[in-house]
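In what follows, a structure is listed as structure tokens, so that the remarks can point back to it.
The values are calculated or read from the model by the stated rules, or taken from the named source; none is laboratory data. Here the structure is a predicted model, which is why all the values come from computation and not from measurement. What goes into the accessible areas is simple: the full protein's heavy atoms, side chains included, and nothing from ligands, DNA or RNA. Shrake-Rupley method; radii C 1.70, N 1.55, O 1.52, S 1.80 Å.
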Amino acid sequence: MSINIAIFASGNGSNAENIINFFKDNNNVEIKIILTNNEYAYVIERAKRLNIPCFIFNKTELKNSNIVLNKLKEYDIDFIVLAGFLLKIPENILNVFPKKIINIHPALLPKYGGKGMYGKKVHDAVIASGDEYSGITIHYVNKNYDEGDIIFQKKCEVKNNDTPETLAKRVHSLEYNFFPKVIKKVLYENF
Ligand code: GRF
């Protein structure tokens, strides 16, 4: 019996692809489906190429219906990974997946999190602050943006001449390196 994973992503999906590749030969973990709220998201192309089913929904369907929850049930999902997903997970899903949804944030929470803090805006804020370090935070998801219990953090340097792009690149490489490993650890501890 494998642990069935759903990945939610709103954009590019490079983390989603990295996670899929990481678990490709693992018999205990199966990435069953990608879900996105953005019909133009590049993650949809990746899903096609990787032969993973992809489900597209809109914000209202997520917030005010059981359409997404039913999709998760249809695929017998045990655990959810948010990888660049920009909407809040509603209570109907949180209730069915308590401590079974995790997210990655491209900074060291509790700093630089919350509504609207995603992508370049996060790296802009970090650079403007003059902080010496940024990094990644992997955390459980609850009903508030970026506030669930922290599972893992890893720091990287913020350099004097960093632009949001150069810092994003450094943070992304931490994500690629650590996110799949942390997912695996959480899964093996919980299932
Ligand atoms: C990542 O930086 C992640 O931390 C954040 O959104 C970004 C997604 O990048 N939550 P990608 O779509 O995986 O390339």
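For Phe85, the residues whose modelled amide H falls within less than 5 Å of its own, excluding neighbours fewer than 5 places apart on the same chain, are Ser10. Under 5 Å from the amide H of Phe79 lie the amide H atoms of Asn4, Ala6, each residue being 5 or more positions distant or on a separate chain, with H modelled from the backbone and absent for Pro and chain starts.
Take the range 1-98 with all the other protein chains still there, run a 1.4 Å probe, and you get 49 Å² of accessible area per residue. Normalising the Debye intensity of the chain to I(0), with uniform scatterers on Cα atoms only, and taking log10 at q = 0.10, 0.12, 0.14, 0.19 Å⁻¹ returns -0.38, -0.55, -0.76, -1.39.
Relative to the longest principal axis of the Cα atoms of the chain, the long axis of helix 14-23 lies at roughly 60 degrees. Within the accessible surface of the chain, defined with a 1.4 Å probe on protein heavy atoms only, the carbon and sulfur portion equals 48 percent. Taking θ as phi - 60° and the Karplus parameters 6.51, -1.76 and 1.60, the scalar couplings of the range 139-156 work out to 8, 5, 9, 10, 6, 10, 4, 6, 10, x, 4, 7, 9, 7, 9, 9, 8, 9 Hz in sequence order, x denoting glycine and proline.
Compute a Gaussian network model of the chain, connecting alpha carbons closer than 10 Å, and tell me which residue from Ile89, Ile67, Ile150 fluctuates the most. The residue with the greatest mean-square fluctuation here is Ile67.
Karplus-derived 3J(HN,Hα) values for the range 117-133, using 6.51 cos²θ - 1.76 cosθ + 1.60 with θ = phi - 60°, are 8, 8, x, 4, 4, 5, 5, 4, 5, 5, 5, 4, 6, x, 4, 7, 10 Hz; glycine and proline are entered as x. Partner lysines whose Cα lies under 27 Å from the Cα of Lys73, excluding those fewer than 8 positions away in the same chain, are identified as Lys24, Lys32, Lys48, Lys59, Lys63, Lys88, Lys99, Lys100, Lys143, Lys181, Lys184, Lys185. What is the diffusion coefficient of the range 1-98 in µm²/s, taking the Kirkwood radius over Cα pairs and the Stokes-Einstein relation at 25 °C with a viscosity of 0.890 mPa s? Stokes-Einstein gives a translational diffusion coefficient of 183 µm²/s. 3J(HN,Hα) couplings calculated from phi for the range 57-69 with the Karplus curve 6.51 cos²θ - 1.76 cosθ + 1.60 (θ = phi - 60°) are, in sequence order, 9, 10, 4, 5, 4, 5, 6, 10, 8, 9, 4, 6, 4 Hz; Gly and Pro show x.
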